[in-house]
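Heads up, the thing below is written out as structure tokens.
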Amino acid sequence: MFARIKSALDPYILALLATVALASLIPARGAAATGFEWAANAGIVLLFFLHGAKLSREAIVAGAGHWRLHLAVMAVTFALFPLLGLAVKAIPGLPVLIASGMLFLTLLPSTVQSSIAFTSIARGNVAAAICSASFSNILGLVITPLLAGLLMGGAGAQLSIGSVEKIIAQLLLPFVAGHLLRPVVGGFVARHKQLVGYVDRSSILLVVYTAFSAAVIEGLWHKLPLDQLELILLLNVALLAVALASTWGLGRLLGFSREDQIVLLFCGSKKSLASGVPMAGVLFPPAAVGVVILPLMLFHQIQLMACAVIAKQLAGSHPGEED
């Protein structure tokens, strides 16, 4: 029994939980906090540079012809999800901190690696998944901050000239630079996937530690008791269930092939931790970031577990039968 539980846990999630625990017990203060913030910013720049370097133009060209599919993914990601976020925010009596975190979660782009991986496992259109997930992340660098500024101004989101410049400098420019330098560094990135994955995850852990340190110093766990954590879990499960049902139903309604339905299912229903954590650090005051990203961290694990089960079930079904 314990072996099954251990195998079901994502080591990265365990690392995230350990980071939150460390920040709760030993939060970074003063000069240490400044040092961690600089290290986190440097890690994010490197992270988005590597994301740009990994983006294959050949894969984009191969999948770009499925424009109806890509439009459907974008519509779910940046229209349906935000509407669901606003619906959650309108729930009577919902604490403001939870409402803000849930709304921010719905404004984020899709994941890249896991969306592609689950599409491949389920025998979907991998080339189209690479294209949709990449487009989502590129557009998210612009659309997510705009939506946050428009819908979350009262919750502390700051879409000022300074935040726009920071998004461009920390996220967009490194991404573009990495992609332009792909002919030079692409081979190294392909040969050292494990190293790239380490940089990817460690940079997020740095941001999480920095964010939760500031939140703990501001009294995070006094503001967010256990029953509210349980509420976040329930809302996340409900949100993911609606997203999965909507994307699968929309794929059928639009007459997509089974392979393209799988792309819409996985690329349209997921939210990116790798993009969301850095954006929250730019858009929200330091003391608010830990609270804002908490629903995202929980949603990340729930979506991985649910999509892993769904992908295996789709892979086991006959391609010609009704799913």
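The values are calculated or read from the model by the stated rules, or taken from the named source; none is laboratory data. Computed from a predicted structure; not experimentally measured. Neighbour counts are summed over all protein chains in view; Cβ atoms, including those assigned to glycine, are modelled from backbone coordinates with ideal geometry.
Quick notes on this structure:
- Residue 5 surrounded by 12 or more Cβ atoms within 10 Å (Cβ to Cβ), modelled with pLDDT under 85, in a helix (DSSP H, G or I) and not small (Gly, Ala, Ser): no
- Yes/no for residue 180 being surrounded by fewer than 20 Cβ atoms within 10 Å (Cβ to Cβ) and within 21 Å of the chain's Cα centre (by Cα): no
- Flag if residue 79 is among the small types (Gly, Ala, Ser) and out of contact with any helix residue (DSSP H, G or I) (no Cβ under 6 Å at 6 or more places or on another chain): yes
- Among the residues of the stretch 221-257, those that are without any contact (Cβ under 8 Å) to a residue 60 or more places away in the chain and not in a helix (DSSP H, G or I) comprise 225, 255.
- In this entry, residue 48 passes the filter for residues that are within 21 Å of residue 203 (Cα to Cα) and under 19 Å from the mean Cα position of the chain (by Cα).
- Filtering the stretch 50-98 to residues that are assigned to a loop (DSSP other than H, G, I, E, B), within 29 Å of residue 253 (Cα to Cα) and of a type outside the set (A, V, I, L, M) leaves 65, 66.
- Those residues of the stretch 95-134 which are among the aliphatic types (A, V, I, L, M) and at pLDDT 90 or above, in sequence order: 99, 102, 103, 105, 107, 108, 122
- Subset tally (residues that are in contact with a helix residue (DSSP H, G or I) (Cβ under 6 Å, 6 or more places away or on another chain), closer than 24 Å to residue 85 by Cα and assigned to a helix (DSSP H, G or I)) for the stretch 100-122: 8
- Of all the listed residues (264, 250), the sole one being within 11 Å of residue 76 (Cβ to Cβ), at pLDDT 95 or above, hydrophobic (A, V, I, L, M, F, W, C) and buried (at least 21 other Cβ atoms within 10 Å of the Cβ) is 264.
- In a residue-by-residue description of the stretch 87-107, the property of being crowded, with 20+ Cβ neighbours inside 10 Å, within 16 Å of residue 247 (Cα to Cα) and not aromatic (Phe, Trp, Tyr) applies to at least one position.
- Looking across 106, 144, 119, one residue alone is closer than 16 Å to residue 48 by Cβ and among the hydroxyl-bearing types (Ser, Thr, Tyr). It is 144.
- For the stretch 108-117, filtering for residues that are surrounded by fewer than 24 Cβ atoms within 10 Å (Cβ to Cβ) and closer than 14 Å to residue 274 by Cα leaves 3.
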